[in-house]
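Novice: Attaching a single structure in structure tokens format; questions to follow.
What follows is calculated from the coordinates using simple rules that are stated; it is not laboratory data. Small disclaimer: the values here were computed from a predicted structure and weren't measured. Cβ sites come from the backbone with ideal geometry, for glycine too, and all protein chains shown count toward neighbours.
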Amino acid sequence: MSPTIRNAIFRHLIHDYTEPIRDPLWQHIYLSPGIKRLVALDSFQKLGRIKQLGPAFHVYPGAVHTRLNHSLGVFHLSRLLLLALLERSEELPLTLEGVKAFLAAALLHDLGHFPFAHSLKELPLKEHEQLTAEGLLSEPLATALRDWVGCSPEIVAAIVDEHMDLPEETEIPFYRRLLSGVLDPDKLDYLNRDAFFCGVPYGMQDTQFVLHKMLPHPTLGIAVEADGVTAVENVLFSKYLMYRTVYWHRAVRIATAMIKQAVYSGMVDKKFKVEDLHWLDDEEFFRKFSADAYAPFQLIEQVVHRRLYKTAFEASFDPQDLTHTRLTQLEDRKVVQEEIAGRLSSQMKRTVYPYEVLIDIPEPISFEVDLPIYQQGSYVPFTESGSVFSGPVVKGFTDSLRKLRIYLPAELSRKVQEQDARLL
């Protein structure tokens with residue numbers, strides 16, 4: 001990168017972001033005039049009607065922050081990250097247009113996110129990154145990115161959607177690694193923001209310290225100085241604690257399973273088109289599914305009014321147990337739910353419908369540790385940097401969190417436990 005390009009990028013990052021937005025977490029977030037116009041578009045404002053943590057507000061009443069809040073935070077930290085890296089190196093593979101595209105991608109990365117947090121994540125749907133890329137290449141966003149921000153919508157889309165093909169010579173892979181990694185702006189914002197709004201201390205990071213311990217890495221995007229290893233350890237343990245106490249809190253898992261069951265049943269029975277789930281906010285999602293039209297949709301209404309199911313069975317998920325691993329497939333899970341419903345109908349002297357039996361297995365979590373640590377003049381893998389978080393320890397995080405559970409309506413769960421009925 002020539003001194004001229006480097007100076008132009010510095011001037012842009014420092015002087016062109018003059019429009020403040022007040023944020024409860026980061027205080028002032030500064031936008032450029034073009035980015036401010038982008039934020040006002042309906043497609044971005046929709047994110048203000050999607051709760052970041054979906055049903056978690058049933059457990060933590062403060063958790064009503066939105067994807068819009070989070071997106072602004074990711075944009076803010078991405079700008080600070082670029083400034084920190086520019087201060088540390090003169091050899092970054094950056095262009096001014098690329099920097100503008102990266103910041104637009106940081107702001108718009110969740111544009112195609114489905115409603116109600118990750119309740120629909122396991123279903124056979126398009127990845128939200130793919131939907132986001134499609135939206136970025138459509139109007140009015142494509143023209144807005146060109147005319148207001150000064151960048152190519154194709155580059156912005158390619159940064160967000162890692163499945164898009166790239167030309168041989170491009171800076172896009174570098175931006176992808178910045179936006180998605182061990183210490184990426186997305187993770188630094190959501191851990192801090194979710195902890196802040198839930199009122200728990202577990203996700204809080206020393207973000208300024210983290211940013212100023214990062215170095216650009218020629219192939220992996222970023223590295224961290226040796227005395228910044230504690231920042232990586234804090235992120236890993238914070239992520240574990242947030243999953244344990246917030247993201248996978250039992251009530252959150254139950255509400256998520258109820259939503260998933262209702263939608264999956266409707267998909268199997270062709271009660272709607274898959275495309276009908278695209279570009280909905282939370283309220284549009286709730287209005288779309290009426291229990292009068294299809295019985296399983298009553299699960300959605302029950303979640304809205306916090307009439308949650310109860311746990312009737314729980315065991316640690318065993319990846320070596322074929323009975324357990326079979327249930328990770330939605331089709332097989334549906335068959336087992338029907339079998340359980342049939343047995344319970346005989347035992348309980350009333351009809352138990354398959355949609356009343358919810359089998360829940362959390363997906364594997366990725367605790368990324370593929371981050372180089374710069375110590376004594378060379379790069380070493382994080383797992384060889386002297387950290388207590390070795391590969392087996394990090395694997396233990398996921399293993400300890402994954403539980404196989406079966407949820408039933410409250411009165412049915414109580415009867416099952418009283419009669420000691422076998423479910424699996």
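Novice: To one decimal place, what orientation-averaged projected area in nm² is obtained for the convex hull of the Cα set of the stretch 16-59?
Specialist: Mean projected area of the Cα convex hull: 3.9 nm².
Novice: Another question about this same structure. Once Lys and Arg get +1 and Asp and Glu get -1 on their Cβ, which of VAL99, ALA84, TRP248 lies farthest toward the positive end of the dipole of the stretch 3-248?
Specialist: Projecting each Cα onto the dipole axis, the largest value belongs to TRP248.
Novice: Once both labels are modelled 7 Å past Cα along the beta-carbon direction, what's the SER346-SER366 spacing in nm?
Specialist: So the label points at SER346 and SER366 sit 4.5 nm apart.
Novice: Distance from the Cα centre of the stretch 125-153 to that of the stretch 53-83, in angstrom?
Specialist: 21 Å
Novice: Say the cut-off is 22 Å between C-alpha atoms; which of LYS239/LYS310; LYS270/LYS349; LYS239/LYS288; LYS51/LYS260; LYS260/LYS334 go over it?
Specialist: LYS239/LYS310; LYS270/LYS349; LYS239/LYS288
Novice: State, to one decimal in nm², a quarter of the convex hull surface area for the C-alpha atoms of the stretch 120-177, i.e. the direction-averaged projected area.
Specialist: Taking the Cα atoms of the stretch 120-177, their convex hull projects to 4.9 nm² on average.
Novice: Helix 229-242 versus the longest principal axis of the chain: what is the Cα-based angle in degrees, 0 to 90, to the nearest 10?
Specialist: Orientation of helix 229-242: about 30 degrees from the principal axis.
Novice: For the stretch 1-106, treating each Cα as an identical point scatterer without solvent, what Debye log10 I(q)/I(0) comes out at q = 0.10, 0.16 1/Å?
Specialist: -0.35, -0.76
Novice: Taking the Cα atoms only, what angle lies between the long axis of helix 330-348 and the longest principal axis of the chain, rounded to 10 degrees?
Specialist: 30 degrees
Novice: Can you give me the Kirkwood hydrodynamic radius for the stretch 222-350, using every pair of distinct Cα atoms, in Å to one decimal? Walk me through the numbers on the way to the answer.
Specialist: Values: mean 1/r = 0.0555 Å⁻¹.
About 18.0 Å, per the Kirkwood formula over Cα pairs.
Novice: Okay, moving on. Tell me, how many Å apart are the Cα centres for the stretch 91-118 and for the stretch 263-335?
Specialist: Between the Cα centres of the stretch 91-118 and the stretch 263-335 lies a distance of 31 Å.
Novice: Report the charge-dipole magnitude of the stretch 1-155 in Debye, nearest 20, computed about the Cα centre from +1 at each Lys and Arg Cβ and -1 at each Asp and Glu Cβ.
Specialist: Here the stretch 1-155 has a charge dipole of around 420 debye.
Novice: Would you kindly calculate the mean projected area, averaged across all directions, of the convex hull enclosing the Cα atoms of the stretch 245-294, in square nanometres?
Specialist: 4.1 nm²
Novice: Throw me the Rg/Rh for the stretch 151-238, computed over C-alpha atoms with Kirkwood Rh, two decimals.
Specialist: Details: Rg = 15.0 Å, Rh = 14.4 Å.
Computed over Cα atoms, the ratio is 1.04.
Novice: Here's another thing I want to ask about it. Relative to the longest principal Cα axis of the chain, at what angle does helix 67-88 sit, 0 to 90 degrees, rounded to 10?
Specialist: 40 degrees
Novice: For the stretch 3-248, compute Rh as the Kirkwood radius over C-alpha pairs and then the Stokes-Einstein diffusion coefficient at 20 °C and 1.002 mPa s; write the answer in µm²/s, rounded to an integer.
Specialist: 116 µm²/s
Novice: Over all alpha-carbon pairs of the chain, lay out the pair-distance distribution in 10 Å bins, whole %, shortest bin first.
Specialist: Taking all Cα pairs of the chain, the binned fractions are 4, 20, 28, 25, 14, 6, 2, 0 percent.
Novice: Assigning unit charges at the beta carbon (Lys, Arg +1; Asp, Glu -1) and nothing else, what dipole magnitude in debye, to the nearest 20, does the chain show about its Cα centre? Intermediate results must be reported in sequence, preceding the final value.
Specialist: Values: 46 positive and 56 negative charges, 344 e Å.
So the magnitude is around 1660 debye.
Novice: Give me the percent of Cα-Cα pairs in the stretch 35-80 that sit more than 16 Å apart, rounded to a whole number.
Specialist: Looking at the stretch 35-80, the distances longer than 16 Å represent 44 percent of pairs.
Novice: Continuing with this model, one more query. Tell me, what HN-Hα J-couplings in whole Hz come from the Karplus equation 6.51 cos²θ - 1.76 cosθ + 1.60 at θ = phi - 60° for each residue of the stretch 257-265, using x for Gly and Pro?
Specialist: Residue by residue, the stretch 257-265 yields 5, 5, 4, 4, 4, 4, 5, 5, 4 Hz.
Novice: Next question, about the same structure. log10 I(q)/I(0), Debye, Cα-only the stretch 262-331, no solvent, q = 0.25, 0.29 Å⁻¹?
Specialist: So the normalised log intensities work out to -1.11, -1.28.
Novice: Okay, next question. Volume per residue, Å³, of the convex hull around the alpha-carbon atoms of the stretch 320-424?
Specialist: Taking the convex hull of the Cα positions in the stretch 320-424, it is 126 Å³ per residue.
Novice: Taking the beta-carbon count within 10 Å as an exposure proxy, list VAL99, VAL352 from fewest neighbours to most.
Specialist: VAL352, VAL99
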